[in-house]
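The values are calculated or read from the model by the stated rules, or taken from the named source; none is laboratory data. Note that this is a predicted model, so its numbers are computed, not measured. Cβ coordinates were reconstructed from backbone atoms using ideal geometry, including for glycine residues, and neighbour counts include every protein chain displayed. Side chains are part of the model used for accessible areas, which takes the heavy atoms of the whole protein and leaves out ligands, DNA and RNA. Shrake-Rupley method; radii C 1.70, N 1.55, O 1.52, S 1.80 Å.
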Amino acid sequence: MIETFLVIGIIIVFTMLLCLYRAALGPGVYNRIAATSIIGTKAVVLLIAIGYIFERPMFVDIALLYAMLNFVGTLLMAKYLVRGEVCTA
Amino acid sequence: MHSIDLIATVLMAFGAFFMFTGALGLLRLPDFYTRLHATGKCDTLGEVLLIVGCMVYQGWSFLTIKLFFLMLFIFIANPVATHAIMKAAYVTGVKPWKKGEERR
Amino acid sequence: MGSKGVKAFSMIVTFCIMFVFWVLLSAWVSYHETPGHFNLLHVCEGIIAALIVTVISHELLIPEKGEKVLVKSLRLIPYLGWELWQIVLANFDVAYRILHPKMPIDPRIIEFETTLRSDFALTTLANSITLTPGTITILVEPEKGKFLVHALAKKPADALLVDKTMQKKVAHVYMEE
């Protein structure tokens with residue numbers, strides 16, 4: 001069963017490389033933000049697959065934490081682009 | 001048990017197929033709004049299917065509950081992030097693409 | 001009962017639920033290699049973590065205002081089942097549109113009004129519109145219930161404008177017809 005997880009991991013890394021093309025090239029800043037957010041969500045699933053390959057069940061906690069960090073980062077970038085500042089101090 | 005392995009492999013294969021389609025949509029589609037359609041939806045569903053496959057493979061244990069909470073969080077958080085980025089682009093003034101124009 | 005009684009009750013119930021979850025997921029004996037820790041240091045860490053979560057968000061489980069919460073929560077579950085089936089069916093449609101050599105898309109922006117007014121109902125409808133393929137919410141106005149939606153082709157746009165199946169189902173769940 002470990003070979004199945006290995007194949008899935010390789011497919012996910014290949015799709016990340018496809019998204020990197022749009023992150024480097026996309027005209028303007030919005031394309032780049034969308035591509036970075038997508039690479040972040042794919043990294044969460046990649047962490048789970050690696051946890052199954054190396055047989056360490058602790059990787060699921062790290063995946064949960066990184067999903068939350070990625071979500072907050074995307075919302076912060078959207079708020080900054082609309083208003084010009086993040087917090088009114 | 002051989003049949004549970006087969007069901008889990010089929011679910012994970014569908015999940016990987018949807019994620020690949022989402023990334024392909026990022027390359028092919030002609031405009032920013034349509035690219036968000038491809039990634040925000042196909043990507044989320046692909047991840048949910050993949051995590052359901054891992055849950056089926058694991059059986060009944062504590063790891064299944066952690067994976068279930070991760071799936072719930074991704075299911076609710078990804079559409080909210082997509083909507084936030086799209087609203088920021090619309091308010092700032094990015095123009096949508098109609099049929100017949102050139103690629104941007 | 002008074003608003004102070006309800007506030008203390010909701011804080012205690014939320015704290016108990018959070019602490020039980022923490023014990024089950026962090027300190028219990030779950031694998032052979034990592035035995036459970038039950039000494040004073042780890043239990044104190046669990047109590048502090050549950051306290052922080054309770055102080056910040058104790059209003060979500062037992063809300064202070066709002067009537068008939070139990071009936072609305074029970075009606076939500078069949079709606080979620082129907083929605084999951086719609087998501088899987090329509091994602092195949094979007095995958096077909098992306099993988100076709102000619103890419104038959106025809107994007108447009110549409111606008112419509114609904115009769116929903118409360119926070120939860122508007123959020124549920126906006127999330128459902130963003131998840132079912134073909135449409136994404138752009139703007140929501142809470143006073144008049146107006147939605148601005150970007151659609152990918154004519155068929156999903158008609159399903160929202162002409163049929164109105166999703167709005168009727170959400171209004172039935174939250175009883176705001």
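Quick notes on this structure:
- Being touching a helix residue (DSSP H, G or I) at 6+ places or on another chain (Cβ under 7 Å), more than 8 Å from chain A (Cβ to nearest Cβ) and closer than 20 Å to A:Ile33 by Cα holds for only one residue in B:Gly22, B:Gly53, B:Gly40, and it is B:Gly40.
- Test: residue in region C:46-53 that is on the phi < 0 side of the Ramachandran plot and modelled with pLDDT under 75: no
- Some residue of region B:69-91 being more than 12 Å from chain C (Cβ to nearest Cβ) and more than 16 Å from the chain's Cα centre (by Cα): no
- Scanning region B:2-14 for residues that are modelled with pLDDT of 90 or more and more than 7 Å from every other protein chain (Cβ to nearest Cβ) turns up B:Leu6, B:Ile7, B:Ala8, B:Val10, B:Leu11, B:Ala13, B:Phe14.
- Test for B:Leu63: is it more than 16 Å from the chain's Cα centre (by Cα), surrounded by 15 or more Cβ atoms within 10 Å (Cβ to Cβ) and modelled with pLDDT of 90 or more: no
- Here A:Leu18, A:Leu6 are screened, and the one residue that is surrounded by fewer than 17 Cβ atoms within 10 Å (Cβ to Cβ) and facing chain B (nearest Cβ under 10 Å) is A:Leu18.
- Residue pairs whose Cβ atoms lie under 7 Å apart, sitting 6 or more positions apart in sequence or on different chains, and linking a residue in region A:48-77 that is assigned to a loop (DSSP other than H, G, I, E, B) to a partner that is surrounded by 15 or more Cβ atoms within 10 Å (Cβ to Cβ) and modelled with pLDDT of 90 or more, are A:Pro57/A:Gly51.
- Inside region C:135-164, residues that are at positive phi and touching a Lys or Arg at 6+ places or on another chain (Cβ under 7 Å) make up a count of 1.
- B:Thr92 vs. criteria surrounded by 18 or more Cβ atoms within 10 Å (Cβ to Cβ) and touching a Leu at 6+ places or on another chain (Cβ under 7 Å): no
- Test: residue in region A:58-66 that is within 27 Å of B:Pro96 (Cα to Cα) and at pLDDT 90 or above: no
- Tally of residues being farther than 17 Å from C:Thr135 by Cα and open to solvent by 10 Å² or more (accessible area, probe 1.4 Å) across region B:31-49: 2
- Considering residues of region A:27-41 that are at pLDDT 90 or above and facing chain B (nearest Cβ under 8 Å) only, the residue farthest from B:Lys95 (Cα to Cα): A:Thr41
- Counted as qualifying within chain B are the helices (runs of 4 or more DSSP H) with 1 or more residues that are touching a strand residue (DSSP E or B) at 6+ places or on another chain (Cβ under 6 Å), namely B:32-58, B:62-92.
- In summary, A:Ala24 fulfils each of the numbered conditions (1) under 21 Å from B:Met19 (Cα atoms); (2) surrounded by 12 or more Cβ atoms within 10 Å (Cβ to Cβ); (3) hydrophobic (A, V, I, L, M, F, W, C); (4) free of Cβ contacts under 8 Å to residues at least 24 places away in the same chain with the single exception of condition (2).
- Residue check, B:Phe17 on the phi < 0 side of the Ramachandran plot and at the interface with another protein chain (Cβ under 7 Å from one of its Cβ atoms): no
- Residue within region C:104-113 that is β-branched (Val, Ile, Thr), within 18 Å of B:Arg35 (Cα to Cα), within 14 Å of another protein chain (Cβ to nearest Cβ) and open to solvent by 30 Å² or more (accessible area, probe 1.4 Å) present: yes
- Extreme residue, nearest to B:Thr64 (Cα to Cα), among residues of region A:53-89 that are of a type in the set (S, T, N, Q) and more than 7 Å from chain B (Cβ to nearest Cβ): A:Asn70
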